[in-house]
Each structure stands twice: as structure tokens, then as C-alpha cells.
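The values are calculated or read from the model by the stated rules, or taken from the named source; none is laboratory data. Just so you know, these numbers come straight off a predicted model, no measurement behind them. Quick reminder, even Gly has a Cβ in these numbers, built from the backbone with ideal geometry, and neighbours come from all protein chains shown. Surface areas here come from the heavy atoms of the whole protein model, side chains and all, with no ligands, DNA or RNA. Shrake-Rupley method; radii C 1.70, N 1.55, O 1.52, S 1.80 Å.
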Amino acid sequence: MSNAQTDEMFYLSLIMIVCCLSREMKVEEERIEAEKKRVKEEALQLARIFETVGAFKVKRKGGKGKLIFGSVTAQDLVDIIKAQLQRDIDKRIVSLPEIRETGEYIAELKLHPDVTAQVRLTVFAN
């Protein structure tokens, strides 16, 4: 076998390897895209659940007028969601206004980079 034939065989082998790897990469990219789509769909479903649940009720010890003792935190909302819906939510995705008195509030849950759910809270003194 001449050097030219050896070189040709080597390059043909490389071409076959590259073709095989590119097919594997395409399959992996399709799998990743399907997983991203599934995760986003789950986030959309969860957002629908949160937005149709109505207001979550938060009880706090009352102070003067509409004031409450302490404040309502993201962890409070996470605990309420866990108790009422049996869903585990990371408190880092919860965005709450400062809540230091009774009333109605809107919290946002960033469930996915493209999906944010709005959750209503009703805070009342007991």
C-alpha cells in the first residue's frame, strides 16, 4: 500500500468519524431542546395552577390599625404553598412587595426564564 492510499484511508476514516459525531451531536441537541420544552410546559402548567387558586390567606398578629407585627416573607409564602398545594417552591424565585399591614398583595414567582406566575395574598390580623 502506497503512502497516498494510506493517507486516503486515513482521511476517509476521519470523515466517517466526523459524520458519526455530528449525527450524535444532532441527536443530543434534539434531546436537550425537547427537555427545555418539557420544563417550560411544566412551568406554564404550574403558573396556571397558581393563578387559578385564588388568594392565599396569611394570618398575622395585629397591631394598631392595619399594621401587623413583623412582615410577610417569601419563606412564609413558600410554606403556605407547600401546605395548601403540596408543591415545593424555592424561596429565591419569589418576589414580594414589603408587607407590613393587612390587605391584598400580589407576589410573583419566576418559575422559568420565560414564565412568571402572579399569586394573590390576603393578609389579615387574627
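Here are the numbers for the structure shown:
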| quantity | calculated |
| --- | --- |
| Neighbour cut-off at most 13 other Cβ (10 Å), DSSP loop, GluC sites (Glu not before Pro), region 54-112 | Glu98 |
| Using θ = phi - 60° and Karplus 6.51 cos²θ - 1.76 cosθ + 1.60, couplings along region 76-92 (whole Hz; Gly, Pro as x) | 4, 5, 4, 5, 5, 4, 4, 5, 8, 10, 6, 10, 8, 10, 7, 5, 5 |
| Net lengthening on full extension, Arg48/Ala125 (0.36 nm per residue, minus Cα-Cα) | 24.9 nm |
| For the chain: lysine pairs under 22 Å (alpha-carbon distance), excluding those fewer than 8 apart on one chain | 18 |
| Amide hydrogen neighbours beyond the local backbone of Ile99, cut-off 5 Å, H modeled | Val72 |
| Of all accessible heavy-atom area on region 2-125, the percent that carbon and sulfur account for (1.4 Å) | 56 |
| Relative contact order of region 30-126, pairs being alpha-carbon contacts under 8 Å that are 6 or more residues apart, as % | 35 |
| Solvent accessible area, Å² - Phe69, 1.4 Å probe, full protein context | 120 |
| Proportion of all alpha-carbon pairs of region 35-101 beyond 15 Å (%) | 62 |
| Summed residue charge, Cβ within 13 Å of Glu35's Cβ, Lys/Arg positive, Asp/Glu negative | -1 |
| Structure-based [θ]222 nm, the chain - -39500 (n - 2.57) summed over DSSP H runs of at least 4, per residue, nearest 500 | -18000 deg cm²/dmol |
| Region 2-125 - charge dipole about Cα centre, Lys and Arg +1 at Cβ, Asp and Glu -1, debye rounded to 20 | 1220 |
| Residue-normalised accessible area of the chain, given per residue in Å² at a 1.4 Å probe | 73 |
| Kirkwood hydrodynamic radius of the chain, Cα pairs, Å | 18.5 |
